[in-house]
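I have placed the structure first, in the form of structure tokens, so that the comments after it can refer back to it.
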Amino acid sequence: MSTTTQTAIRGAALGGWPRGWRAAAGLTSAAAGAVILVGAFLPWVEAFAGLVQVSGVRGSNGRILATAGALIACAGLYQLARPAEPARWFTGMAGFAAACFSGYLLIQLARSMRVLGGDSMVIARPGPGLWVAATGSLAAFATLFFPPSSQATLRRDARRVMAWVADGESSGLRRGLQVALGVVWLLDAALQYQPFMFTKTFPVMMLAPSGMGEPAFVSGPVLTAERLISGHVVPWNAMFATIQLVLAAGLLCRATARAALAGTIAWSLSVWWLGEGLGGIFRTTANPLTGAPGAALLYAFLAILIWPRTGSPSVAEEASVAEGSLLGRGARVAWFALWATIAGLMLAAPASSSSLTAGDGTRAAVVTIGFAAAFALAAVGLLVPVTARPALVLAVSAAVALWVAGEDFGGIFSGSGTDPNTGPLLMLIALAFWPYPRSATAFIFSSVARTPSRSARSPEPPPGPRPAHAVQPLRLERLGAELPDPGDIADQIPDQFGRGRDADPSCCSH
């Protein structure tokens, strides 16, 4: 027996080193468990500028997370030794439980810091341990969504992943809107790289006010994020700006357009909650003239509308870019909800909440009623096909007036602006709903549907002279009927004396 054969038999007996998704799941689980363990031993609370550090394992909560990390690491090593699906499920569910527990502890820690942080004798601040443990818990939970461990190779899945992240089919207005959104992200990244954003003024003056006057589930995470960023402003802001730059590059490149749209949705919703306080919609001072219901929400909405369409095209799906998206016919309902909400916020906002209406009186009433009426007409007009185009024109005009007069171009020239605000996003959303030429679209697709294939066409008659006295049909393709040849009918008409007439002109009548 050769050495190669003995090695193969020995490898088969021991199970061999796993490959594919089994190895990926096992290694990720083991690493995630180790990260949770490290997070449990790191300080969760620091006092007196870090001189006093309290690690997580000093309390029962830290010991629970440490135990969970050890079990997850062992389950990962077991997956590397043997292909066991129960260990895979245990890792995922344990990671989910640890992530939920870590999130609860982070909320409790934020509340404790709110009380102790104001004491000059303590000056407590949160440590990195609990955040590290929460990150490891999420990584363990993510292994539950890996492909089956029985898969032998990653090559096929890599091809599928590369095919999914790309968008090689979008064209025309859909692709133009994707590029426009990428340009907006590029502008956001440039604004985020401004020197003002690398100072503590950014979290204190821009993030903290967005959580004031909000419910606890909004203000708590916002204030926690503000305190966390205030401790290390430079690396956090550099990361924020880089993420926006990556999203811009991904949208401008077809090979990563779909992935960039997915990242836009996730990142925008996170910013909408932690950075904008849900756009201030729960405050009585929320005003569309100052950016309500939040520009980040519109980023996510636009990304959904211009998502690459899947499946074969049809006339109904191609009514507009928005109706060809994931929402389908529900896109019009989302449009109505968005503009109706903006109109309602405009009417409910106090006059003092915007510089355009701060003077109150007749001018404030005219501005408020004018904008609210334009928003309401834009919301309702798109639901009626006859008024769809006028409603979109009105929406674009109102968005331009809102951006110029109310939002002052989003403050992009002030040196402290973070984005162009809602005006440009509302314009792009209106363009996504602009209807395609229905007559041309219907003609193209109906012509394709009516054209028979080559195999379905009737066979052509063989070349050569046509036999005499044979009635050949005259095919009228457009009428869909078959009529006999008039010449053949004339050859068979009897003469006036009731005698037959020969069809051959060389013979005499008799």
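The values are calculated or read from the model by the stated rules, or taken from the named source; none is laboratory data. Keep in mind that what you see is a predicted model, and the values were worked out from it rather than measured. Ideal geometry is used to build each Cβ from the backbone, glycine not excepted, and the neighbour counts take in all protein chains shown. When the accessible area is computed, the model is the full protein with side chains, heavy atoms only, and any ligands, DNA or RNA have been set aside. Shrake-Rupley method; radii C 1.70, N 1.55, O 1.52, S 1.80 Å.
A simple spin-label model places pseudo-atoms 7 Å from Cα toward Cβ; at A238 and Y104 they are separated by 3.7 nm. Ranked by solvent-accessible area (1.4 Å probe, protein heavy atoms only, all chains present), the residues Y436, Y299 order from largest to smallest as Y436, Y299.
Of the residues R363, R174, the one with the largest accessible area comes first in the ranking R363, R174, computed with a 1.4 Å probe on protein heavy atoms. Accessible surface for D408 stands near 100 Å², nearest 10, in the context of the full protein assembly shown (1.4 Å probe).
In this simple spin-label approximation, Y193 and S112 carry label points 7 Å from Cα along the Cα→Cβ vector, and these lie 4.1 nm apart. Computed with a 1.4 Å probe over protein heavy atoms only, the accessible area of R389 comes to about 110 Å².
Provide the FRET efficiency to the nearest 0.05 for the M205-E85 pair, computing r from the beta carbons and using R0 = 56 Å. E(calc), rounded to 0.05, equals 0.60.
Among 238-245, 380-387, 129-136, 267-274, the peptide with the highest mean count of other Cβ atoms within 10 Å heads the list, and the full ranking is 129-136, 267-274, 238-245, 380-387. Against the criterion of solvent-accessible heavy-atom surface with a 1.4 angstrom probe, I72, I281, I265 sort, most first, into I281, I265, I72. A straight chain from S270 to V404 at 0.36 nm per residue would run longer than the Cα-Cα distance by 45.5 nm.
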